[in-house]
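Take a look at the structure set out below.
Derivation of every value follows stated rules applied to the coordinates shown; laboratory data play no part. None of these values were measured; they are calculated from a predicted model. As a convention, Cβ positions derive from the backbone with ideal geometry for all residues, glycine included, and neighbour counts pool all protein chains shown.
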Amino acid sequence: MIRALEYEDLEHLWRWQNDLTVMAQMWIEPTSLRALQKEYEDELGNKRSKRFLIAEKATGQPTGVVWYYSMTPNSSCEVGIYIGDPKLHGKGYGSDALLTFLRFLFNVKNMHRVGLSVSSNNQQAIASYRKCGFKHEGATREFAYIDGQYVDLVNMGILKTEFQELD
């Protein structure tokens, strides 16, 4: 289930964004709760960027975050996603949430293309994105230093027509 991010959810984000095992692949530095509150407040009026909470359907328990930012309204956007509880990694929550989110972006926001970037050493995420229909579009070499080595940034994307064939 994906729902609007509420002010009360920020404590979950704060905990996840300060957990190095969760953020190791995200290039996000630990942050303060106040900084997250300011980001949330700034985002409320922004029509080109929005975060949503991923929650378990049965319990409503927060499990992660998915977001988009659009540089070209109703045409193309970039997305990001993470599952906050490491015990839930590899259980399909991310793929399920991303497929739901793609339906929203293509069918409601009328996007033509959705892209994302992921570090080349995050093979679990790359496999999930492929499962959701994303295709490899290129790479930025040695983009980030993770776990003692430079890794490429893999760029992936999916077009609305490709998603419609998959869905």
Within the chain, the percent of DSSP beta bridges that are antiparallel, given to the nearest 5, stands at 90 percent
Across 55, 127, 97, the residue with the highest GNM fluctuation in the chain (Cα network, 10 Å cutoff) is 127
Out of 146, 54, 126, a Gaussian network model of the chain with alpha-carbon springs under 10 Å gives the largest mean-square fluctuation to 146
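About its Cα centre, what dipole magnitude does the range 1-80 give when the only charges are +1 on Lys and Arg Cβ and -1 on Asp and Glu Cβ, stated in debye to the nearest 20?
Working: 9 positive and 12 negative charges, 49 e Å.
For this selection, approximately 240 debye.
How long is the gain from residue 46 to residue 91 if the chain were fully straight, where each residue apart is worth 0.36 nm and the alpha carbon distance is subtracted? Display every interim value, and only then the final one.
Details: separation 45, 0.36 × 45 = 16.20 nm, distance 3.22 nm.
Full extension from residue 46 to residue 91 adds 13.0 nm.
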One finds, for residue 29 and residue 6 with R0 = 30 angstrom and r their Cβ-Cβ distance, a FRET efficiency to the nearest 0.05 of 0.80
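For every other residue with a beta carbon closer than 12 angstrom to the beta carbon of residue 154, add +1 if it is Lys or Arg and -1 if Asp or Glu, then tell me the sum. Before the final figure, lay out the partial values.
Values: positive: 130, 135, 141; negative: 137, 152.
Counting the neighbours of residue 154, the net charge comes to +1.
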Of all lysine pairs in the range 74-167 that are eight or more residues apart or on different chains, those with Cα atoms under 23 Å apart total 8
Summing +1 per Lys or Arg and -1 per Asp or Glu among the other residues with Cβ less than 15 Å from residue 49's Cβ gives +1
Here the relative contact order (percent) of the range 2-166, from C-alpha pairs under 8 Å and at least 6 apart, is 17 percent
Check: C-alpha center the range 76-109 vs C-alpha center the range 123-140, spacing in Å is 13 Å
A chain fully extended from residue 72 to residue 123 at 0.36 nm per residue, minus the present Cα-Cα distance, gains in nm 15.4 nm
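Under a point-charge model restricted to the Cβ atoms of Lys and Arg (+1) and Asp and Glu (-1), what is the dipole moment magnitude of the range 2-166 relative to its Cα centre, in debye to the nearest 20?
Working: 19 positive and 20 negative charges, 112 e Å.
Using Cβ point charges on Lys, Arg, Asp and Glu, the range 2-166 gives about 540 debye.
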Counting as exposed only trypsin sites (Lys or Arg not before Pro) in DSSP loop states with no more than 12 other Cβ atoms inside 10 Å, the longest exposed-site-free span of the chain is 92-167
Proxy exposure order for 63, 72 (fewest C-beta within 10 Å first) is 72, 63
Farthest towards the positive end of the dipole of the chain, among 140, 33, 127 and with Cβ unit charges of +1 on Lys and Arg and -1 on Asp and Glu, lies the Cα of 127
